[in-house]
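Encoded as structure tokens, the structure appears first; notes follow it.
The values are calculated or read from the model by the stated rules, or taken from the named source; none is laboratory data. These numbers come from a predicted model, not from an experiment. When we count neighbours, we look across all protein chains shown, and the Cβ atoms used for this are built from the backbone with ideal geometry, even at glycine. Accessible surface is based on the protein model in full, side chains and every heavy atom, while ligands, DNA and RNA are left aside. Shrake-Rupley method; radii C 1.70, N 1.55, O 1.52, S 1.80 Å.
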Amino acid sequence: MKQANAKSKLLNAALKLIRTSGYEATAVDDLCTEAGVTKGAFFHHFKSKQDLAVAAAAHWSKITGALFASAPYHDYEDPLDQLVAYIDFRAQLLEGRSIPEATCLLGTMVQETFETSPAIRDACLAGIAGHADTIAGIIRAAKERHAPRATWSAESLALHTQAVLQGAFILAKARNDMEIARESILHLRRYVELLFHHAKED
């Protein structure tokens, strides 16, 4: 039980420290200190910091997956209403949070490691693409109901939503201001509404 607890503590420490300081700047010693475990406990569970990062990506996807699965946007009957409410929910997740708390572990890690660590890159892609797939299901249903003749695909729009969100986080970090991320998400909402509006008129 203690060993499992140590592993969970290390994974949660990784979520916090990597989003705050970045992957490269986060040392094994930092992770152990934050988790309150020994270095021996770290290497009992993980072969390396890279091994922990790959596991942290899956841990992040599990936590956020549960959050989104129980989110209120699922309560809407119309899938287009669900999609708009999903975007609103993403904006709500920024409220009362610092930039590190509000931003995505996967986007943070992949920016640093896409060339140096294929294993981390692939783990981050799996998480981002996996979430996009769940949104694509909503978009596909909305497209069938409201824009069946539209030439764009549900998959491409789902990935675009993630591109906007990740880009919004980068801008927030660059400006040290979460407000620009909120504005970007609001523009995404407008874009989606216009996209479906024009599709209905075609």
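Overview of results
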quantity	calculated
Karplus 3J(HN,Hα) series, Hz, for segment 135-150 with 6.51 cos²θ - 1.76 cosθ + 1.60 (x for Gly, Pro)	6, 4, x, 5, 5, 4, 5, 5, 5, 4, 7, 10, 8, x, 9, 5
Rounded to whole Å, sorted largest first: equivalent-ellipsoid semi-axes of segment 60-134, Cα gyration tensor	26, 15, 9
In Hz, Karplus ³J(HN,Hα) per residue of segment 71-85 (6.51, -1.76, 1.60; θ = phi - 60°; x = Gly, Pro)	6, x, 5, 6, 6, 7, 6, 7, x, 5, 5, 4, 5, 5, 5
Principal axis dimensions, the chain - Cα atoms, whole angstrom, descending	63, 35, 32
Surface accessible to a 1.4 Å probe, per residue, for the residues of segment 27-101, Å²	52 Å²
Global form of segment 31-85, assessed from the alpha-carbon gyration tensor, a/c cut-off 1.5	prolate
Calculated [θ] (222 nm, deg cm²/dmol) that DSSP helices of n ≥ 4 give over the chain, each run adding -39,500 (n - 2.57)	-25500 deg cm²/dmol
With every protein chain in place, segment 62-143: carbon and sulfur % of accessible area (1.4 Å)	56 percent
Label-point separation, Glu115 to Gln92 (7 Å along Cα→Cβ), nm	4.1 nm
Trypsin sites (Lys or Arg not before Pro) within segment 70-140: DSSP coil, no more than 14 neighbouring Cβ in 10 Å	Arg97
Extension gain, Glu77 back to Ala150 (0.36 nm per residue minus Cα-Cα distance, nm)	24.1 nm
Backbone HN-Hα couplings from phi across segment 36-52 [Karplus 6.51/-1.76/1.60, Hz, Gly and Pro as x]	x, 10, 7, 5, x, 5, 4, 6, 6, 9, 9, 6, 6, 5, 4, 4, 5
Hits among lysines - C-alpha to C-alpha of Lys7 under 19 Å, sequence gap 8 or more where chains match	Lys16, Lys39, Lys47, Lys49, Lys62
